[in-house]
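Report on one structure; see the data block that follows.
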Amino acid sequence: MTEKMAGGGKVLLLYRGDDAGGDGFKAALEKRGWTVTKAPVSEFAPLQGIWEVFRRRDLAEYDVIAAAEYYLAWATCLRLLLSKKPKVAALTFNQSRRLLLTHFRPLDWLLNRIWRRSSLFLVHSRDEAALFARIHDIPEDRFVFSHWGYDLPEHNPKKTSLPSEPYVTMIGRNNRDLRTFCEAVERAGVKGVLVTAAYMLQRQPVRSPNVLVLADRPMEECLNYVAGSFAHLVLVVDAGRGAGHISSVSAMLLGKPQIFSDVAPLKDYLKDGWNGIGVPVGNVDAVADAIRKLRDDPELAQRLGSAGRSFALAELSYEASAGRSADALARLVSN
């Protein structure tokens, strides 16, 4: 059930200019009776975001300031620290950027005091809610979990020269375990396509005769490679950071079974035996076994891929995700 605030309300939506979900969230809010003003911050950098927030003189005109980025949310909390109104909501709160954490206790106490100006923290992973509650000393009842979602951009596998042999993919950057992917693909005796950021290849140099390694490729090309694969992998270095929701949701929408590190940040999206196969972090043998299992059992691969696609189509679209976020904002103001 959607919620509408009595008499409507005014929201200022601060978001990164490259966030394609801004329009969908705005539409969801307006459907529920809100008046929404979008304020994109292009080519976002932390200091620029703080400047964009502090130079505004109209914040008091709104019922809610919704900031859709970690540093942008912190800057909003700082700007409104001494004001009781409007309410602040930190949306899509995640670990995609370096944490505001110095490990110097007095300074961290001040930083965390600023965070508590926000009344709502919307997260796309339950594990991240627990993490931020602990790290930033934020009351847990201020966190709301909602699955992240988006609609696949236009893509066409025919535009990309895909491997002629059966292959698996891994797409992503922060916290990805590139070495385990390459070693497992080689051990499984299949081909692989790895697309990551150039800086990740500097940190984890990898080379394998079985793996096509690409850096900084456009979204359409990444989707084309996943669409042509028989399985997609999401392997992480550790369980303490973000874990690739964009690539896992993309692979689900494309109907691909997934092999994934069995860590808490992924459990809201990937479940062993339902839409993929969970493996221990850094276990090359387990990953190689899972690859061979999906290669040799097309029926299993189809079942896992279909389960993921059904879930993604029902729950992980722009419309579904934006609707949940809008309802969370409505509850915030009505309380």
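Bear in mind that the values in this text are calculations on the coordinates, not laboratory data. Small disclaimer: the values here were computed from a predicted structure and weren't measured. Cβ: placed from backbone, ideal geometry, glycine included. Neighbour counts: every protein chain shown.
Annotation: extensible slack from Leu101 through Ala239 equals 47.8 nm (criterion: 0.36 nm per residue apart, minus Cα-Cα distance). Among Trp109, Trp274, Trp74, determine the one that fluctuates most according to a GNM of the chain built with springs between C-alpha atoms less than 10 Å apart. Most flexible of the set in this elastic network: Trp109. In the chain, helices alone account for a calculated mean residue ellipticity at 222 nm of -12000 deg cm²/dmol, with every DSSP H run of four or more residues adding -39,500 (n - 2.57). Take every Cα pair under 8 Å whose residues are at least 6 apart in sequence, average their separation, divide by the length of the chain, and the relative contact order is 17 percent. Here the spin labels are modelled as points 7 Å beyond Cα on the Cα-Cβ line, and at Phe145 and Glu30 they lie 3.3 nm apart.
Axis angle, to the nearest 10 degrees, between helix 70-79 and the longest C-alpha principal axis of the chain: 10 degrees.
In this simple spin-label model, placing a label point 7 Å from the Cα along the Cα-to-Cβ direction at both Arg134 and Trp109 gives a separation of 2.2 nm. Between Leu47 and Leu300, the distance separating the two model label sites (each 7 Å from Cα on the Cα→Cβ line) works out to 5.3 nm. Once you've got the GNM for the chain with C-alpha springs shorter than 10 Å, pick whichever of Lys191, Lys26, Lys84 has the biggest mean-square fluctuation. Per the Cα network of the chain with a 10 Å cutoff, Lys84 tops the list. For Lys38, the residues whose modelled amide H falls within less than 5 Å of its own, excluding neighbours fewer than 5 places apart on the same chain, are Leu13.
How far, in nm, would the chain grow between Lys159 and Val206 when pulled straight, counting 0.36 nm per residue and subtracting the alpha carbon separation?
14.3 nm
FRET efficiency for the Glu221 to Ser83 pair, using the beta carbon distance and R₀ = 56 Å, is estimated at 0.75. Between the Cα long axis of helix 318-334 and the first principal axis of the chain there is an angle of about 30°, rounded to the nearest 10. The long axis of helix 22-31 is offset from the longest Cα principal axis of the chain by roughly 50 degrees. Of the beta bridges DSSP finds with both residues in the stretch 157-315, what % are antiparallel, to the nearest 5? Around 5 percent of the beta bridges assigned by DSSP in the stretch 157-315 are antiparallel ones.
Taking a point 7 Å out from the Cα of Glu315 in the direction of its Cβ, the residues of the stretch 131-146 whose backbone N falls within less than 15 Å of it are 145-146.
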